[in-house]
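Report on the structure given below.
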Amino acid sequence: MTSTDVLLIEDDPDVMLGCIQALALAGIGAHGEESVEAARGWLTDDFDGVLISDIRLPGMDGLTFMREQVATAPHRPVILITGHGDIAMAVQAMRDGAWDFIEKPFLSPHLVEVVKRALEKCRLSREVRALRRQVAAQSGLATRLIGNTEPMTRLRKQIEHISKTAADVLIQGETGTGKELVARCLHDLSGRSGPFVALNCAGLPETLFDSEMFGHEVGAFSGASKRRIGKIEYADNGTLFLDEIESMPLSFQVKLLRVLQERTLERLGGNQSIAVNFRVIAATKEDLMAASDAGRFRRDLYYRLNVVALRLPTLKSRREDIPLLFDHFVRQFALRHNCEAPAPDARVMADLMLHDWPGNVRELRNMAERYLLGLDLQLDDESPAKPVPLAEAVDAFERMLIEQALRQHGGNLSRAAEALSVARTTLHDKIRKLGLDGKAL
């Protein structure tokens with residue numbers, strides 16, 4: 001067992017002490033608080049144990065707390081402690097999602113037995129979440145962050161490793177390289193129970209910053225007729241994604257820095273300090289250190305955000321991925337427009353390989369939709385890219401054709417070879433030469 005397996009909420013000090021001692025004798029670590037409000041500081045993503053709560057408490061009652069936990073953290077078992085007159089209420093609570101209930105007065109062995117069963121559920125839930133993360137890391141990333149080049153393989157490995165930590169992340173990359181997609185992958189693989197909350201800093205009006213980020217209380221300003229939860233508080237137990245962070249005004253950066261350092265906030269018009277457990281992922285297309293040197297970005301905020309840095313590769317730096325990505329987008333749009341995906345055109349593919357791609361993957365995605373709709377791709381470059389070696393372009397195009405044939409025929413080598421009009425042994429040799437053997441297609 002861990003040092004704290006159980007969080008007990010009980011306003012009777014004698015009952016609290018008796019429960020903690022009984023659990024300790026059974027080798028189960030427990031911590032007690034007298035109210036839900038006092039216990040909230042323990043309800044972080046790091047706590048993966050059992051909650052025990054009396055139904056009748058000062059402040060928020062145990063039933064309301066239980067329903068809140070079922071909605072926000074269904075993997076945590078909640079055990080209710082009831083008085084004699086609360087049995088009907090407790091039975092209804094179990095229908096609403098409570099794990100179990102214990103009626104006062106109760107014997108220590110019964111308490112320990114119920115808690116042990118709940119801890120076993122916690123263990124099984126942890127294993128299931130770990131397996132889901134493992135499956136997502138092994139298969140999901142490859143289908144979301146497409147590419148077989150070294151930069152993309154390295155990026156996927158970095159995401160797999162970083163996602164398991166609570167470290168804040170700074171994503172750097174040109175327009176269209178997929179910064180928000182990477183942020184969503186980090187969140188999805190993290191196992192965090194809260195939401196992914198995205199905010200574009202460039203599109204946030206200065207007059208709405210405080211209300212949008214921190215929320216506001218009733219009467220905080222003219223027109224504030226009801227309480228509003230801000231983006232940061234809404235991201236509790238989840239991820240706050242700040243896109244185009246470089247565009248945030250300096251006056252706002254100071255306020256953000258304070259929240260990041262203390263992980264607490266106050267709503268506009270309020271005095272209560274609210275603890276928030278969230279992970280920050282910031283994205284920028286600029287060099288923030290250079291922006292700091294120019295006085296456009298606070299250096300202390302840069303260092304606070306730059307705990308872990310991910311640099312996304314440009315599309316022109318991984319040209320071998322272009323045929324694979326183009327084919328993927330064409331098939332994706334064929335499903336959307338309910339039409340058949342056309343076979344790849346060698347002339348078009350050659351033009352794609354030579355294009356400079358200032359808009360990166362986003363631009364390629366738009367090109368794929370235009371190609372599917374039979375429109376002109378408009379690939380006339382004023383400043384043509386550095387010519388791609390013929391062998392590299394041929395290999396990339398050949399790889400795309402082979403991958404497409406294998407995918408269409410369920411990995412059957414003989415049928416794929418027949419579709420490509422080549423001998424089975426020739427196709428096998430090409431698969432080995434292009435490094436496609438062993439890849440999931």
### Task
Starting from residues that are out of contact with any helix residue (DSSP H, G or I) (no Cβ under 7 Å at 6 or more places or on another chain) and in a loop (DSSP other than H, G, I, E, B), keep the ones in region 57-92 and report whichever is most open to solvent (accessible area, probe 1.4 Å).
Pro74
### Query
Across region 273-287, which residue is farthest from His216 (Cα to Cα) among those that are polar (S, T, N, Q) and open to solvent by 30 Å² or more (accessible area, probe 1.4 Å)?
Asn277
#### Entry: Any hit, region 44-55, residues being closer than 19 Å to Trp99 by Cα and either surrounded by fewer than 16 Cβ atoms within 10 Å (Cβ to Cβ) or free of Cβ contacts under 8 Å to residues at least 40 places away in the same chain (or both)
yes
### Query
Here are some conditions: (1) free of Cβ contacts under 8 Å to residues at least 40 places away in the same chain; (2) buried (at least 18 other Cβ atoms within 10 Å of the Cβ). Arg263 meets all but one. Which one does it not meet?
(2)
### Query
Here are Val348, Val361, Val394: which of them is among the β-branched types (Val, Ile, Thr), assigned to a helix (DSSP H, G or I) and at pLDDT 90 or above?
Val361
### Query
What do you reckon, is Leu25 out of contact with any strand residue (DSSP E or B) (no Cβ under 7 Å at 6 or more places or on another chain) and closer than 17 Å to Lys116 by Cβ?
yes
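Can you pull out the helices (runs of 4 or more DSSP H) entirely within region 150-249 that have at least 1 residues that are open to solvent by 60 Å² or more (accessible area, probe 1.4 Å)?
150-163, 179-190, 231-234
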### Task
State the number of residues belonging to region 1-37 that are at pLDDT below 90 and part of a helix (DSSP H, G or I).
0
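To keep it simple, each residue is scored yes or no on (1) part of a strand (DSSP E or B); (2) at pLDDT below 90; (3) of a type outside the set (A, V, I, L, M, F, W, C).
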{"residue": "Arg258", "(1), (2), (3)": "no, no, yes"}
{"residue": "Asn271", "(1), (2), (3)": "no, yes, yes"}
{"residue": "Ala283", "(1), (2), (3)": "yes, no, no"}
{"residue": "Glu286", "(1), (2), (3)": "no, no, yes"}
{"residue": "Ala290", "(1), (2), (3)": "no, no, no"}
{"residue": "Arg296", "(1), (2), (3)": "no, no, yes"}
{"residue": "Arg318", "(1), (2), (3)": "no, no, yes"}
### Task
State the number of residues belonging to region 166-197 that are over 11 Å from the mean Cα position of the chain (by Cα) and closer than 19 Å to Leu312 by Cβ.
13
### Query
Going by the conditions given, is Glu340 surrounded by fewer than 16 Cβ atoms within 10 Å (Cβ to Cβ) and at pLDDT below 90?
yes
### Task
Being open to solvent by less than 50 Å² (accessible area, probe 1.4 Å) and under 31 Å from the mean Cα position of the chain (by Cα) is the filter; apply it to region 32-43 and report the residue that is farthest from Glu10 (Cα to Cα).
Leu43
### Task
Filter region 364-385 down to residues that are open to solvent by less than 70 Å² (accessible area, probe 1.4 Å) and part of a loop (DSSP other than H, G, I, E, B) and give me whichever is modelled with the highest pLDDT.
Gly374
### Task
Give me the pairs, please: first residue somewhere in region 347-358 and hydrophobic (A, V, I, L, M, F, W, C), second residue anywhere and modelled with pLDDT of 85 or more and open to solvent by 50 Å² or more (accessible area, probe 1.4 Å), beta-carbon distance under 8 Å, and either six or more positions apart or on two chains.
Trp357/Lys316
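The values are calculated or read from the model by the stated rules, or taken from the named source; none is laboratory data. As the structure is a computational prediction, the values presented were derived from the model and not from experiment. Note: ideal-geometry Cβ built from the backbone for every residue, glycine included; neighbour counts use all protein chains shown. Remember, those area values only see protein heavy atoms, side chains included, never the ligands or the DNA or RNA. Shrake-Rupley method; radii C 1.70, N 1.55, O 1.52, S 1.80 Å.
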